[in-house]
Amino acid sequence: QSVLTQPPSASGTPGQRVTISCSGSSSNIGNSYVYWYQQLPGTAPKLLIYRNNQRPPGVPDRFSGSKSGTSASLAISGLRAEDEADYYCAAWADSLSGVVFGGGTKLTVL
Amino acid sequence: EVQLVQSGAEVKKPGESLKISCKGSGYSFANYRIGWVRQMPGKGLEWMAIIYPDDSDTTYSPSFQGQVTISADKSISTAYLQWASLKASDTAMYYCARHVGSGTTTHFDHWGQGTLVTVSS
């Protein structure tokens with residue numbers, strides 16, 4: 001059971017906007033920035049969003065992140081077939097002195 | 001270009017020992033922590049441990065403390081993850097990743113390609 005809670009699956013059609021939620025507590029998301037990672041099938045994870053809403057170079061602005069209190073969300077607009085992947089949220093947990101991940105959300109583009 | 005290149009897939013028997021590696025290039029390896037992340041078959045990501053190559057300072061997740069050992073040799077820009085006695089439940093993909101920031105700004109900005117470890121009798 002993961003410390004951060006994500007829906008196991010999400011779906012949308014090309015061009016749609018989808019959001020993926022990530023819920024935590026005051027000991028992780030509530031006191032930390034939130035990060036999002038994208039894992040395309042058969043590949044290593046890749047940093048998608050850092051510090052709640054910042055995109056690394058090369059990440060399209062179709063991807064956006066937000067955080068409020070102990071929850072965060074990832075939004076993908078103008079959905080494309082190549083966005084089909086697993087998405088993981090992550091945050092720092094003081095109690096661990098380490099990183100906690102969500103269980104991951106499998107995004108299907110219909 | 002920052003790159004982390006991991007050693008190849010391993011097939012081991014229960015009780016055997018194993019050491020896998022992660023070689024960094026394209027940046028000052030000694031000055032960035034390296035983290036290890038486990039992904040069991042069909043499952044999510046689990047943070048295992050981090051090491052600061054410059055002084056080999058380590059932090060382990062409580063779930064992995066005592067189960068694995070991480071180390072680094074900054075002279076050859078390589079980090080290691082090792083097991084003294086493998087179990088079938090250690091079967092997983094293991095990723096190394098460059099760790100940036102500290103505390104609440106901690107994240108992994110570059111990842112290795114993964115090393116698949118299979119433990120089976």
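Pairs with C-alpha atoms separated by more than 22 Å, drawn from the list A:Lys46/A:Lys106; B:Lys12/B:Lys74; B:Lys43/B:Lys74; A:Lys106/B:Lys43, are B:Lys12/B:Lys74; B:Lys43/B:Lys74. Treating r as the C-beta distance of B:Ser85 and B:Asn31 and R0 as 35 Å, the FRET efficiency rounds to 0.55. Computed on chain B, with alpha-carbon pairs under 8 angstrom and 6+ residues apart, the relative contact order is 36 percent. Interface size, chains A and B: roughly 1700 Å² of accessible area buried, both sides included, 1.4 Å probe, rounded to the nearest 100.
Summing +1 for each Lys or Arg and -1 for each Asp or Glu among the other residues whose beta-carbon sits under 10 angstrom from that of B:Pro53 gives -2. Rolling a 1.4 Å probe over the protein heavy atoms leaves A:Ser2 with an accessible area of roughly 50 Å².
Residues considered: A:Gly58, A:Gly12, A:Gly98. Largest GNM mean-square fluctuation over chain A, using C-alpha springs under 10 Å, is found at A:Gly58. Of the residues A:Thr70, A:Thr43, A:Thr19, the one that moves most in a GNM of chain A with alpha-carbon contacts below 10 Å is A:Thr43.
When only Cα pairs below 8 angstrom with a gap of at least 6 residues are kept, chain A shows a relative contact order of 39 percent. Of the options A:Leu47, A:Gln1, A:Gly15, report the single residue whose Cα projects farthest towards the positive end of the charge dipole of chain A (beta-carbon charges: Lys, Arg +1; Asp, Glu -1). Positive-most Cα among the choices belongs to A:Gly15.
Annotation: per residue accessible area for chain B equals 45 Å², rounded to a whole number [probe 1.4 Å, protein chains only]. Dividing the convex hull volume of the alpha-carbon atoms in the protein assembly as shown by its residue count gives 115 Å³ per residue.
Ordered from longest to shortest, the equivalent ellipsoid semi-axes for chain A are 23, 14, 13 Å, each the square root of 5 times a Cα gyration tensor eigenvalue.
Taking the Cα centre of chain B as origin and assigning +1 to Lys and Arg Cβ atoms and -1 to Asp and Glu Cβ atoms, the resulting dipole is close to 300 debye. Determine how large the accessible area of B:His99 is when every protein chain is in place; take a 1.4 Å probe and give Å² rounded to the nearest 10. Answer for B:His99: close to 10 Å² accessible. The label-point distance for B:Gln65 and A:Arg62, in a model that sets each label 7 Å from Cα toward Cβ, rounds to 4.4 nm. In the assembled protein chains, B:Met93 presents an accessible area of approximately 50 Å² (probe radius 1.4 Å).
Rounded to the nearest 20 debye, the dipole size of chain A about its Cα centre is 180 debye, using +1 on the Cβ of Lys and Arg and -1 on the Cβ of Asp and Glu. Across region A:47-94, the relative contact order, built from alpha-carbon pairs under 8 Å that are at least six residues apart, equals 23 percent.
Quick one: which bits of region A:42-58 get at least 40 Å² less accessible when the partner protein chains are in, versus the chain alone, with a 1.4 Å probe? Those residues are A:Ala44, A:Pro45, A:Leu47. A Gaussian network model of chain A, with springs between Cα atoms under 10 Å, assigns the largest mean-square fluctuation among A:Ser68, A:Ser97, A:Ser77 to A:Ser97. Sorting B:Tyr95, B:Tyr32, B:Tyr60 by solvent-accessible area of protein heavy atoms yields B:Tyr32, B:Tyr60, B:Tyr95, largest first, with a 1.4 Å probe. About its Cα centre, the protein assembly as shown has a charge dipole of approximately 280 debye under the convention of +1 per Lys or Arg Cβ and -1 per Asp or Glu Cβ, with nothing else charged. For chain B, the convex hull drawn through the C-alpha positions has a volume of 102 cubic angstrom per residue.
The values are calculated or read from the model by the stated rules, or taken from the named source; none is laboratory data. Small disclaimer: the values here were computed from a predicted structure and weren't measured. Quick reminder, even Gly has a Cβ in these numbers, built from the backbone with ideal geometry, and neighbours come from all protein chains shown. Please note that ligands, DNA and RNA were not included when accessible areas were found on the heavy atoms of the full protein model with its side chains. Shrake-Rupley method; radii C 1.70, N 1.55, O 1.52, S 1.80 Å.
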